[in-house]
Structure formats: C-alpha cells, structure tokens
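Chemist: My questions will all concern the structure given below.
The values are calculated or read from the model by the stated rules, or taken from the named source; none is laboratory data. Here the structure is a predicted model, which means the values were calculated and not measured. Note that each Cβ is placed from the backbone with ideal geometry, even for glycine, and that neighbours are counted across all protein chains shown.
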C-alpha cells in the first residue's frame, strides 16, 4: 500500500475522471489517496481524502500562488506518488523530480490545440502560445510517467499509457432504463461544459428548425455565452434550458438527467476545430451507457464510434439542417431509435468499460514501483 497525491489547480477535486475513475480505482486497490485542489463542494469516493487549498480569484493567481499552495499541501502529505492533472503544474512536477519523487502527468487534453480555443487570449497570440506550450510540454514530459486520456495523444507522447475516459456502467438495469417516461415532442440532451468549440451554438440552433423541440444543455456555461445562446435562437429561447450558468454541475446531477426520461437523443454536434477533430468524447460513452441514441458530428473518431457501433447518427456540423433532420428522424422512428440506444448500451458494457482502463492505471503504478495494496480484488477498479 502506498500514499498517492493527486494535484490539480484547474479541475474540481470531484472531476469525474480524477475522483470517480482514477482515485476511486487507486483507493479500491489498497492505496491511500488524497486529492489536493481548490475549494469545491462534492462527495469524495470511499477511501479518498480531499485537501482544499485556496488562493485569490483570477487566472494569474491560480497559476502562481495556487500552484505553490497545491504543491506545498501535497508535499506535506508525504506521498509515494505525485499525480498531477494540469500543464501549469509542470514546473512543480519538475521540482519534485529533482527531489527524487515519483511523478505522473495525466494529460487530459491536447493542450496545444486547446489554447487555440481559449476565448480569454487575444486571437493573435494563440498560435504562438500553442507552439510554445507544445515545445515546453514535449520536453518536460520526458521527465514524468505519462497517462493519456486519448489514443491520438501518443503521437506526441509515445511513452504514455492510455487510460481512456470510458465510463463505469451505471447501477441501473435495462428494464429500469426502458421504464423511463417518454415525454412528447423532440427532447435533446447535451452534458458537459458548454462552450462555442463544443457545439453550443450548433445545439441551440436546432430550436430554429424544430418548433416542437426542447434542448437541454447541462454543464458549466459562462453568463456571456448563455446570453448569446438565448439571443441566437430568438423566440426559441423559452425552449432552451441551460443548467450550470456560472457553476459546475455535479456529475450526480448529470446522471439524474440521464435517468429522468427517454431522451430523443444525446447531442455531440461539435464544429470542425483542430482541438476536437480527433477526440472520442466522454459524453458519448455516457450516452451509450445510459442507452441514449446519439446525434454526433461526422468527425473521424466520432463517426467510427457512433456509426461503427450503430448507436446513433452522424451529421455534417457545417450543415445546420442535417442535425435537425436526424433529430426529426429519431423522433418519428422510436423503435429504431430504441434499438440504437440498446446497441450503444451493449457496446458500453462489452467494450468501453472503465474497468479495462482502471487496470491500465494500476499497471502503470506497478511499473513505477508502486504495486497495489493487499485489499485489491477483482472488480474493484
């Protein structure tokens, strides 16, 4: 058994990948796990402790004083492994390596292309900052054990261990999912952070083409974007439901939304951007696990997943009418839509379970000299 500290300045300590997947898996394998992060409300996984650290509001404070405070708090825990989740913690990781500590860098995003989408950066600065981060991250990452959340990250980080964002199958039966009420009209659900580059306007615009539709966007959304979305759909604003304006929506609430009704479809109509062109989206795996038919962009990775498993329809995100036509078809063909949902759930159960990825995480810890504790048992990842 070893003590493990997970460090983040950007994410909530209750981020689903950090808490429910990785930390819960490590705790179930017998490790003592602590998450050191900013203040947030939530319930830690069994066997996981959260150390909240505060710093003044503002991005620069977070990236300077926040990093120092998280590092100091994690150091006091005396862990055998420091597992960090944000590129701004790379300097802290380098210092820990100089001190002879085991360090894991968990690469959640393709951060170089993510910088191209950061609205708080002047557009003219973004390409140069992106190239700079790619160089710095590439050089520094050689000093750490690496975990990658997407397969294509291996092109930049060939030594990384992929630990993909597959989901734990929810503890609900097929019969319970089938018994969810079906409400009239076209009802479309999106979960996760609401951003322009994550299809916010593509999803909202469905209301201008589907007069009997309602669109539910459940996830953190800025006040400015929420107002822009409501303006963009004009009279349809009353049918646009935004939950999470200015705050993080707990994942338990997202799970409750999946269980609330038989949605017409789960939405993942992302625009063609460098940052999202090759991603397998966590939300798609969640839609599959809960038996939702899916409407997704025909980007290569999404098309291979959704059409390959027969669990939804892929559309051209540059053709606004295409997603509306797909939603209309699913509403008019409920049996075929239900078959898609069942195929997705079966695929989630058979091929896209977190258990397979949890084992990969534990194997990485074993390779860096931190084997599982004595209480590890089959099925606990």
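Chemist: From (1) buried (at least 20 other Cβ atoms within 10 Å of the Cβ); (2) within 22 Å of the chain's Cα centre (by Cα), pick out the condition that doesn't hold for residue 243.
Modeler: (1)
Chemist: I've got another one for you. Specify which of the listed residues (40, 57) is assigned by TED's automatic domain parsing to the domain that holds residue 106 and within 23 Å of residue 354 (Cβ to Cβ).
Modeler: After applying the criteria, what remains is 40.
Chemist: Give me a count of the residues in region 227-267 that are out of contact with any strand residue (DSSP E or B) (no Cβ under 6 Å at 6 or more places or on another chain), outside any helix (DSSP H, G or I) and under 25 Å from residue 182 (Cα atoms).
Modeler: So the count comes out to 3.
Chemist: Follow-up question, since we're still on this one. Which of the residues that make up region 340-352 are part of a helix (DSSP H, G or I) and touching a helix residue (DSSP H, G or I) at 6+ places or on another chain (Cβ under 7 Å)?
Modeler: 343, 344, 345, 347, 348
Chemist: Is at least one residue of region 23-34 in a strand (DSSP E or B), over 28 Å from residue 142 (Cβ atoms), touching a strand residue (DSSP E or B) at 6+ places or on another chain (Cβ under 9 Å) and assigned by TED's automatic domain parsing to the domain that holds residue 157?
Modeler: Yes; the residues of region 23-34 include at least one that is in a strand (DSSP E or B), over 28 Å from residue 142 (Cβ atoms), touching a strand residue (DSSP E or B) at 6+ places or on another chain (Cβ under 9 Å) and assigned by TED's automatic domain parsing to the domain that holds residue 157.
Chemist: May I ask you to say which residue of 216, 270 is crowded, with 19+ Cβ neighbours inside 10 Å and in a loop (DSSP other than H, G, I, E, B)?
Modeler: 270
Chemist: Looking at this structure, is residue 292 within 20 Å of residue 203 (Cα to Cα), touching a strand residue (DSSP E or B) at 6+ places or on another chain (Cβ under 7 Å), in a strand (DSSP E or B) and at pLDDT 95 or above?
Modeler: No; evaluated as a whole, the condition is false for this residue.
Chemist: Could you please let me know if residue 229 is assigned by TED's automatic domain parsing to the domain that holds residue 178, modelled with pLDDT of 95 or more, over 19 Å from the mean Cα position of the chain (by Cα) and buried (at least 19 other Cβ atoms within 10 Å of the Cβ)?
Modeler: It is true that residue 229 is assigned by TED's automatic domain parsing to the domain that holds residue 178, modelled with pLDDT of 95 or more, over 19 Å from the mean Cα position of the chain (by Cα) and buried (at least 19 other Cβ atoms within 10 Å of the Cβ).
Chemist: Has region 353-365 got any residue that is surrounded by fewer than 24 Cβ atoms within 10 Å (Cβ to Cβ), without any contact (Cβ under 8 Å) to a residue 60 or more places away in the chain and not in a helix (DSSP H, G or I)?
Modeler: Taking every residue of region 353-365 in turn, none turns out to be surrounded by fewer than 24 Cβ atoms within 10 Å (Cβ to Cβ), without any contact (Cβ under 8 Å) to a residue 60 or more places away in the chain and not in a helix (DSSP H, G or I).
Chemist: Here's something else I'd like to know. Among the numbered conditions (1) buried (at least 21 other Cβ atoms within 10 Å of the Cβ); (2) within 18 Å of residue 287 (Cα to Cα); (3) under 23 Å from the mean Cα position of the chain (by Cα), tell me where residue 170 comes up short.
Modeler: Failing condition for residue 170: (1).
Chemist: Kindly indicate whether residue 67 is buried (at least 19 other Cβ atoms within 10 Å of the Cβ) and touching a strand residue (DSSP E or B) at 6+ places or on another chain (Cβ under 7 Å).
Modeler: No.
Chemist: Considering only residues that are in contact with a helix residue (DSSP H, G or I) (Cβ under 6 Å, 6 or more places away or on another chain) and part of a helix (DSSP H, G or I), which ones fall in region 183-199?
Modeler: The one that is in contact with a helix residue (DSSP H, G or I) (Cβ under 6 Å, 6 or more places away or on another chain) and part of a helix (DSSP H, G or I): 197.
Chemist: Considering region 86-108 alone, what residues qualify as being under 13 Å from residue 160 (Cα atoms) and touching a residue at least 60 places away in the same chain (Cβ under 8 Å)?
Modeler: Of everything in region 86-108, those that are under 13 Å from residue 160 (Cα atoms) and touching a residue at least 60 places away in the same chain (Cβ under 8 Å) turn out to be 104, 106, 108.
Chemist: Taking helices (runs of 4 or more DSSP H) that fall entirely within region 70-182, which contain at least 3 residues that are in contact with a helix residue (DSSP H, G or I) (Cβ under 6 Å, 6 or more places away or on another chain), modelled with pLDDT of 95 or more and more than 27 Å from residue 302 (Cα to Cα)?
Modeler: Qualifying helices (runs of 4 or more DSSP H): 90-98.
Chemist: Have a look at 177, 207, 146 and point out the one that is within 18 Å of residue 290 (Cβ to Cβ) and crowded, with 17+ Cβ neighbours inside 10 Å.
Modeler: Checking each option against the conditions leaves just 177.
Chemist: When you scan region 280-287, do you find a residue that is assigned by TED's automatic domain parsing to the domain that holds residue 347, surrounded by fewer than 24 Cβ atoms within 10 Å (Cβ to Cβ), over 16 Å from the mean Cα position of the chain (by Cα) and assigned to a loop (DSSP other than H, G, I, E, B), even just one?
Modeler: The answer is no, given that none of the residues of region 280-287 is assigned by TED's automatic domain parsing to the domain that holds residue 347, surrounded by fewer than 24 Cβ atoms within 10 Å (Cβ to Cβ), over 16 Å from the mean Cα position of the chain (by Cα) and assigned to a loop (DSSP other than H, G, I, E, B).
Chemist: If you scan region 246-261, which residues turn out to be surrounded by 14 or more Cβ atoms within 10 Å (Cβ to Cβ) and either touching a helix residue (DSSP H, G or I) at 6+ places or on another chain (Cβ under 8 Å) or not assigned by TED's automatic domain parsing to the domain that holds residue 191 (or both)?
Modeler: 251, 254, 258
Chemist: Related question: Residue 41 - would you say it is surrounded by fewer than 20 Cβ atoms within 10 Å (Cβ to Cβ), under 20 Å from residue 250 (Cβ atoms) and within 21 Å of the chain's Cα centre (by Cα)?
Modeler: yes
Chemist: Does residue 188 fit the bill of being farther than 30 Å from residue 155 by Cβ, crowded, with 17+ Cβ neighbours inside 10 Å and under 22 Å from the mean Cα position of the chain (by Cα)?
Modeler: Spelling it out, residue 188 is indeed farther than 30 Å from residue 155 by Cβ, crowded, with 17+ Cβ neighbours inside 10 Å and under 22 Å from the mean Cα position of the chain (by Cα).
Chemist: For region 305-327, which residues satisfy the criterion of being assigned to a loop (DSSP other than H, G, I, E, B) and free of Cβ contacts under 8 Å to residues at least 12 places away in the same chain?
Modeler: Answer for region 305-327, where residues must be assigned to a loop (DSSP other than H, G, I, E, B) and free of Cβ contacts under 8 Å to residues at least 12 places away in the same chain: just 319.
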